[in-house]
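A.B. asks: Before I ask anything, let me first share the structure, which is written out below as structure tokens.
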Amino acid sequence: MEESVSKPMESLDILQLLKSLPHRYPFLLVDRIVDIQGDESCVGIKNVTYNEPYFQGHFPDRPVMPGVLMIEGMAQTAGAMCARFVGDGPPKLVYFMTIDKAKFRKPVVPGDRLEYHMTRISRRRNMWWYRGVAKVDGVVVCEAEVSAMLILADRPDA
């Protein structure tokens with residue numbers, strides 16, 4: 001009889017992501033989460049296509065992904081990791097709280113595969129701080145530090 005060995009969660013597909021994050025089209029900016037290591041680190045993937053609604057109005061003759069949406073994708077990647085880390089129980093929401101040290105290095109265009117590499121800086125109670133680096137083909141295109149707070153979804157002041 002084989003003994004089952006518990007391994008860390010390695011990925012979340014889009015259906016699992018939709019259970020962790022309340023975001024829906026067009027506001028879900030991560031397609032898959034891979035390489036989750038508890039709440040320490042993970043990598044999120046966004047496949048950038050011309051069909052994204054922001055390309056219609058943001059430099060329509062030269063489609064460039066808005067930098068603020070890359071940071072939102074990083075925050076969603078970190079948020080999914082936080083929600084996954086705390087596990088089952090009462091429904092929770094992850095609120096994006098701060099952006100610090102944001103830098104935009106190169107444009108992201110349709111056809112790019114954006115990778116959000118998130119690493120935990122610290123955690124206190126229901127708050128997390130992460131450093132994120134977004135890459136396309138191994139080249140850094142954006143970086144920032146973000147923080148998030150986890151609260152119960154049924155709180156009246158939420």
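The values are calculated or read from the model by the stated rules, or taken from the named source; none is laboratory data. On a predicted model such as this, the values are computed, not experimentally measured, just so you know. Neighbour counts run over all protein chains shown; Cβ positions are idealised from the backbone, glycine included.
A.B. asks: Residues R131, R123: which one is touching a residue at least 40 places away in the same chain (Cβ under 8 Å), over 16 Å from N47 (Cβ atoms), out of contact with any helix residue (DSSP H, G or I) (no Cβ under 6 Å at 6 or more places or on another chain) and in a strand (DSSP E or B)? Spell out the reasoning first.
C.D. replies: On the way: R131 fails: touching a residue at least 40 places away in the same chain (Cβ under 8 Å).
Residue meeting the stated conditions: R123.
A.B. asks: Step by step: first the residues of region 57-78, then only those that are touching a strand residue (DSSP E or B) at 6+ places or on another chain (Cβ under 6 Å) and of a type outside the set (A, V, I, L, M, F, W, C), then the one that is surrounded by the most Cβ atoms within 10 Å (Cβ to Cβ). Which residue is that?
C.D. replies: Kept after step one, since they are touching a strand residue (DSSP E or B) at 6+ places or on another chain (Cβ under 6 Å), are these residues of region 57-78: 67, 70-71, 73-75, 77-78.
Next, from what is left, pick out any that are of a type outside the set (A, V, I, L, M, F, W, C): 67, 73, 77.
On the way: G67: 18, G73: 26, T77: 31.
My answer is T77.
A.B. asks: Ok, one more. Among the listed residues V94, V136, V146, V109, which satisfies the condition of being touching a residue at least 24 places away in the same chain (Cβ under 8 Å), crowded, with 16+ Cβ neighbours inside 10 Å and under 19 Å from Y54 (Cβ atoms)?
C.D. replies: Details: V94 fails: under 19 Å from Y54 (Cβ atoms); V146 fails: under 19 Å from Y54 (Cβ atoms); V109 fails: crowded, with 16+ Cβ neighbours inside 10 Å.
Going through V94, V136, V146, V109 in turn, the sole match is V136.
A.B. asks: For K46, indicate whether it is under 12 Å from V146 (Cβ atoms), of a type outside the set (G, A, S) and modelled with pLDDT of 95 or more. Don't jump to the end; show me each part of the working.
C.D. replies: Working: under 12 Å from V146 (Cβ atoms): no; of a type outside the set (G, A, S): yes; modelled with pLDDT of 95 or more: yes.
Judged against the criteria, K46 is not a match.
A.B. asks: Within region 1-23, which residues are farther than 16 Å from G38 by Cα and modelled with pLDDT under 50?
C.D. replies: M1, E2, E3, S4, V5
A.B. asks: Quick one: which residue in Y130, Y54, Y50 is surrounded by 18 or more Cβ atoms within 10 Å (Cβ to Cβ), of a type in the set (S, T, Y) and at negative phi? Give the derivation first.
C.D. replies: On the way: Y54 fails: surrounded by 18 or more Cβ atoms within 10 Å (Cβ to Cβ); Y50 fails: surrounded by 18 or more Cβ atoms within 10 Å (Cβ to Cβ).
That would be Y130, the only listed residue that is surrounded by 18 or more Cβ atoms within 10 Å (Cβ to Cβ), of a type in the set (S, T, Y) and at negative phi.
A.B. asks: Scan region 85-100 and give yes if some residue there is among the charged types (D, E, K, R), more than 14 Å from the chain's Cα centre (by Cα) and modelled with pLDDT of 90 or more, otherwise no.
C.D. replies: Within region 85-100, the first condition is being among the charged types (D, E, K, R), and the residues that meet it are 88, 92, 100.
Remaining after also requiring more than 14 Å from the chain's Cα centre (by Cα): 88, 92, 100.
Narrowing further to those that are modelled with pLDDT of 90 or more: 100.
Within region 85-100 (the criterion being among the charged types (D, E, K, R), more than 14 Å from the chain's Cα centre (by Cα) and modelled with pLDDT of 90 or more), the answer is yes, since at least one residue qualifies.
A.B. asks: For region 24-43, give me the residue count where each residue is among the charged types (D, E, K, R), assigned to a loop (DSSP other than H, G, I, E, B) and at pLDDT 80 or above. Write out each step before concluding.
C.D. replies: So the first thing to find is which residues in region 24-43 are among the charged types (D, E, K, R), and the list is 24, 31-32, 35, 39-40.
Narrowing further to those that are assigned to a loop (DSSP other than H, G, I, E, B): 24, 31, 39-40.
Now drop any that are not at pLDDT 80 or above, which leaves 31, 39-40.
Adding up the residues that qualify gives 3.
A.B. asks: Between a first residue in region 64-88 that is farther than 11 Å from A134 by Cβ and outside any helix (DSSP H, G or I) and a second residue that is among the aliphatic types (A, V, I, L, M) and at pLDDT 90 or above, which pairs have beta carbons less than 8 Å apart while being 6 or more apart in sequence or on different chains?
C.D. replies: So the pair list comes out as V64/V108; V64/V109.
A.B. asks: Right, next: Given the structure, is M81 modelled with pLDDT of 95 or more and surrounded by 20 or more Cβ atoms within 10 Å (Cβ to Cβ)?
C.D. replies: Working: modelled with pLDDT of 95 or more: no; surrounded by 20 or more Cβ atoms within 10 Å (Cβ to Cβ): yes.
For M81, the condition - modelled with pLDDT of 95 or more and surrounded by 20 or more Cβ atoms within 10 Å (Cβ to Cβ) - is not met.
A.B. asks: A further question follows. Checking V108 against (1) in contact with a helix residue (DSSP H, G or I) (Cβ under 7 Å, 6 or more places away or on another chain); (2) farther than 22 Å from E40 by Cβ; (3) at pLDDT below 95; (4) of a type outside the set (D, E, K, R), only one condition comes out false. Which one?
C.D. replies: That leaves (3) as the condition not met.
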